[in-house]
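Engineer: Pasting in a structure now, in C-alpha cells, and then I'll have a few things to ask.
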Amino acid sequence: MKKHFLTLTALSSLLLAVANAQAAAPTAELQVAGKIGSPTCTIAAPNNGVYNLGAISASQLKPDAITRLSRLTKSWTITCDAMTYLTITPTDNRSDSMAVTYPGGGATNHYGLGFVNGTGKIGAFLILFGGNSSVDGVPTTMCKGNPGQCTVQAGAAYLTRGNQTSWATTNNVLTAGRVFKTDLATDAYLASTSTMNGAITENTKIDGSATLNFAFAI
C-alpha cells in the first residue's frame, strides 16, 4: 500500500506539472502617461502693473537737462501649473515719444512717457530686472538674449526692447520651474523743457506703457 500510495503521488505531481505547462502565464501592463502642451501661468503684478510717480511739480523741470525721478520697485510673481522655462520680451507702446537717453543706459533700454505741447517728449523710463529673482524658491539671476544665446548678468540689468530676458544661473541654460519671482523697478526721468517744446502750463498726464510678453515653454 505504501508503494502504491507513492506511485499515485508521483502521478499526481506529473499531472499537475502538465496542467501548469498548459495554463496561460500571468501578465501585467506597464503604461507611460502624461501630457504635452503649453502650461497655464498667472501673473501677479502689484497694482496691476501700474508704477505711479505721483504728483510732480513743473518747477522741477530744467531748461536744458533731464530731471531724474525716484526709483520705484515692485515684486512680481508668475505661477505656472507645470514645469516650464519663462522668458520676458518687452515692447514699448510709446516708442515715438522716447526722449534723450538716461545716463548709464543704452537707447534700446528706454521707453517713452508720452507727448506734451504737441510733439514735445515728456521723458523716458527704464525697467530694471533681477532683484530678488528666484525659481521655486532657489535664487537665480537674469540671462539676457535669446535661449541658447543668453548671457548671465552679474546682478540686476535693464530690459532691452525686443530682446528676451529669462531666469538662469548659467550662460545659455535657462532655469525651469513653476513659481518665478523677481523685482521689476522703473528708473524714470523727465526731459528738459526744450525737449518738451516749452514749459508745462497745465496738468499733463505721464503716459508710459510697455507690454511684457511672457513666453512659456516645456
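A short reminder: the numbers here are calculations on the coordinates, not readings from a lab. Note that the structure is a prediction, hence the values are computed from the model and not measured. Here the Cβ is made from the backbone with ideal geometry for all residues, glycine too, and neighbour counts use every protein chain on show.
Engineer: Sort 30, 86 by Cβ crowding within 10 Å, fewest neighbours at the top.
Structural biologist: Neighbour counts put them in this order, fewest first: 30, 86.
Engineer: Rounded to whole Å, give me the distance from the Cα center of the stretch 76-145 to that of the stretch 162-214.
Structural biologist: The stretch 76-145 and the stretch 162-214 have Cα centres spaced 3 Å from each other.
Engineer: Oh, and also: Under a Cβ-only charge scheme (Lys and Arg +1, Asp and Glu -1), can you give me the dipole magnitude of the chain about the Cα centre, in debye to the nearest 20?
Structural biologist: With Lys and Arg at +1 and Asp and Glu at -1, about 620 debye.
Engineer: While we're here: Skipping prolines and chain starts, which residues have an amide H placed within reach, meaning under 5 Å, of the one on residue 158, given they are 5 or more residues away or on another chain?
Structural biologist: 129
Engineer: Please list, in order along the stretch 29-35, the HN-Hα scalar couplings obtained from phi with the Karplus expression 6.51 cos²θ - 1.76 cosθ + 1.60 (θ = phi - 60°), rounded to whole Hz, x for Gly and Pro.
Structural biologist: Computed from phi, the couplings for the stretch 29-35 are 9, 9, 10, 10, 10, x, 8 Hz.
Engineer: Which value in deg cm²/dmol, rounded to the nearest 500, describes the helix-derived mean residue ellipticity at 222 nm for the chain, given -39,500 (n - 2.57) per DSSP H run of n ≥ 4 and division by the residue count?
Structural biologist: Numbers: 1 runs with 21 residues, N = 218.
So the helix-based figure for the chain works out to -3500 deg cm²/dmol.
Engineer: Spelling out what I want: for every residue of the stretch 39-55, take phi, set θ = phi - 60°, compute 6.51 cos²θ - 1.76 cosθ + 1.60 (Karplus), and round to whole Hz; glycine and proline get x.
Structural biologist: Each residue of the stretch 39-55 in turn: x, 9, 10, 10, 10, 9, 10, x, 6, 6, x, 8, 9, 8, 7, x, 7 Hz.
Engineer: Could you run the Karplus curve 6.51 cos²θ - 1.76 cosθ + 1.60 with θ = phi - 60° over the stretch 59-72 and give me ³J(HN,Hα) per residue in whole Hz, x for Gly and Pro?
Structural biologist: For the stretch 59-72, the Karplus curve yields 5, 6, 5, 10, x, 9, 8, 7, 10, 7, 10, 5, 5, 10 Hz.
Engineer: Then there is this: Show the residues, 5+ positions off or on another chain, whose built amide H is closer than 5 Å to the amide H of residue 82.
Structural biologist: For residue 82, the qualifying residues are 40.
Engineer: Going by amide H atoms built from the backbone, whose H comes under 5 Å of the H on residue 196, apart from near neighbours?
Structural biologist: Here the answer is 121, since their amide H atoms fall under 5 Å of that of residue 196.
Engineer: When only Cα pairs under 8 Å and 6 or more residues apart are kept, what is the percent relative contact order across the chain?
Structural biologist: 28 percent.
Engineer: Continuing with the same structure: Place a +1 charge on the Cβ of each Lys and Arg in the stretch 52-130 and a -1 charge on the Cβ of each Asp and Glu, then give the dipole magnitude about the Cα centre in debye, rounded to the nearest 20.
Structural biologist: That gives a dipole near 260 debye.
Engineer: Something else about it: Return 76, 167 ranked ascending by Cβ neighbour count within 10 Å, so the fewest neighbours appear first.
Structural biologist: 76, 167
Engineer: As I understand it, the dipole of the chain uses +1 on the Cβ of Lys and Arg and -1 on the Cβ of Asp and Glu, about the Cα centre. Which of 201, 63, 86 lies farthest toward its positive end?
Structural biologist: Of the candidates, 86 comes out farthest on the positive side.
Engineer: Let me ask something else. Going by C-beta contacts inside 10 Å, put 152, 50 in order with the fewest on the left.
Structural biologist: In order of increasing Cβ crowding within 10 Å: 50, 152.
Engineer: For the chain, find the longest principal axis of its Cα atoms and tell me its angle to the long axis of helix 2-22, 0 to 90°, nearest 10.
Structural biologist: 30
Engineer: If you take the charge dipole of the stretch 84-218 about its Cα centre, with +1 on Lys and Arg Cβ and -1 on Asp and Glu Cβ, which of 191, 173, 122 is farthest toward its positive end?
Structural biologist: Farthest towards the positive pole: 173.
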